[in-house]
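Here is the structure we will look at, set down as structure tokens.
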Amino acid sequence: MAPLIRLEGLTKRFGETVAADDVTLDILEGELFGLLGASGSGKTTLLRLLGGFETPTAGRVLIDGVDVTALPPYERPTNMVFQSYALFPHMTVAANIAFGLKQARMPKPEADARVEEVMELVKLTELGKRKPSELSGGQRQRVALARALVLRPKVLLLDEPLSALDKKLREHTQFELMRLQRELGITFVIVTHDQDEAMAMCSRIAVMDMGKVIETGTPRAIYERPQCRFVADFIGGANIIDAEPVGPSRVRLPALGVECAVTDSLPAKGWVALRPERISLSHEAPAGGPWPAGQVEAVAFHGDFQLYRVRMDGGVELRVAASNVPGDPKPGERAFLSWPADAPVALSR
């Protein structure tokens, strides 16, 4: 299946700074695709290159097989929802949404019908006569979304669209965006620094750092089977432990003084990633050991689970996420750590 979007060797330099570094990436039609990374990773620059708001230093942007690298934003089959929403304060909600259609000289009856349709889709029908100053943050976000959707682009670009919303509204809006994307079948490309947001919403994610795409995959694949140390640590914060190969799919963890099975063979010295929620704590050594032991240094209550910091006998500190169970180890007590055979993920880079 040919990708709807293809970025080929895309590079963008600002003086000595390389904001996008030889990025090659395919995005399929109908995907809700996420560009995830910390501040300065290059994700917003990549989105702006895709939308035509920046000109690449090198490389090409193809959409539906057409090279659009030299085209301005208004000639591309894309539309963008900016982080600031960029609404016209003097216009009503309906006028804001209709602005692009007016610029395109669409006949008024057809434009009015299109505006009414998209307002109903994003649940703004009752707010058409209000000004942006009379709306909540979530409502303004929906106006910006409707203004982009009314032009029926092949690709909708969203730059940190939920960053200004509080936690509860952000979660609600995530589901609304997912619903809209499914109903419309439009390809969404969303930029976010929020790992939980990307994991919850996106069908695939590209993790970025220093202008490069480090790894691409489904949220489950990236979380459960990361391919490198950076991604394992960035997504969900795994425990990263030095490892030495001792046989096929088996390693020694010098800092813990134990051997264990791993998902894949490690060709040379590397690391093992252990997710906090895959580790169990117990007062007594479980069967099937030997298992490493240490002292519980701190416990943080998170409602349905507790996060432990355990200083192991070898000196390293590990994080363990466990359900609240009476009799769990307390700060200052010793505890044994254990995990399923498929929990440690071998990392060679």
Assigned charges on the beta-carbon of Lys, Arg, Asp, Glu; segment 94-159 dipole about Cα centre (debye): 200
Share, in percent, of DSSP beta bridges within segment 134-272 that are antiparallel, nearest 5: 75
Rounded Å value of the spacing that divides the Cα centres of segment 242-291 and segment 135-213: 38
Segment 1-94, relative contact order in percent, only Cα pairs under 8 angstrom and at least six apart counted: 28
Label-point gap, in nm, between Asp233 and Val246 - each point 7 angstrom along Cα→Cβ: 2.5
Antiparallel %, DSSP beta bridges [both residues in the chain], to 5: 75
Across Lys43/Lys154; Lys123/Lys168; Lys43/Lys167; Lys102/Lys129; Lys108/Lys131; Lys12/Lys102, pairs whose alpha-carbon gap is larger than 25 Å: Lys12/Lys102
Computed [θ] at 222 nm, helices only, for the chain once each DSSP H run of length n ≥ 4 contributes -39500 (n - 2.57): -7000 deg cm²/dmol
Lys/Arg +1, Asp/Glu -1 at C-beta; the chain dipole; positive extreme among Val310, Ala232, Ala20: Ala20
Ranked by how many other beta carbons lie within 10 Å on average, peptides 257-263, 78-84 from highest: 78-84, 257-263
Cα gyration tensor shape for the chain, rounded if a/c is under 1.5, else prolate or oblate: prolate
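Every number in this text was worked out from the coordinates using simple rules, so none of it is lab data. Being a predicted model, the structure only gives us computed values, none of them experimental. Backbone-built Cβ (ideal geometry, glycine too); neighbour counts: all protein chains shown.
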